[in-house]
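Heads up, the thing below is written out as structure tokens.
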Amino acid sequence: MLENETVVIRDILSSDNRKRHYGLFQMKFPVQFEGNEIATIDYHSSKKIVFDAVKYSFMIVLVNAVIKMVLLWWLVVWASNRYLVRSLNHFIDRIIDTYTGSS
């Protein structure tokens, strides 16, 4: 309903009906244009319908996150091996050669 120029959504299922249909909801509210009611929106849905609608998108986001995480970890391991570990091993070998007298 429109109260003070704002739309107020009201649940129009009775409490007995709500107990029988867990997760089912129904909403009804008017659409107004320049003070005149031009339509009434009345929709019915349930938590299962909403979940089924977003399940595929959620799975894509989840798979995308796993792929990015694996690739970023691989990049960190590769970069640290290439730029840190090899250089440090070479540096340590030089120090050992210097103190042991080998060349």
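Just a few scattered comments:
- Taken together, TYR56, TYR99, TYR43 contain a single residue that is aromatic (Phe, Trp, Tyr), loosely packed, with under 10 Cβ neighbours inside 10 Å, at pLDDT below 90 and not in a helix (DSSP H, G or I), which is TYR43.
- Scope region 43-69; condition farther than 30 Å from MET27 by Cα and either more than 18 Å from the chain's Cα centre (by Cα) or basic (Lys, Arg) (or both); matching residues: LYS68
- Residue match in region 12-27 (condition: part of a helix (DSSP H, G or I), basic (Lys, Arg) and modelled with pLDDT of 75 or more): no
- When each of VAL31, VAL70 is tested for being aliphatic (A, V, I, L, M), surrounded by 10 or more Cβ atoms within 10 Å (Cβ to Cβ), at pLDDT 75 or above and touching an Asp or Glu at 6+ places or on another chain (Cβ under 8 Å), the lone residue that passes is VAL31.
The values are calculated or read from the model by the stated rules, or taken from the named source; none is laboratory data. Fair warning: this is a prediction, and the values are worked out from it, not measured in the lab. Note: ideal-geometry Cβ built from the backbone for every residue, glycine included; neighbour counts use all protein chains shown.
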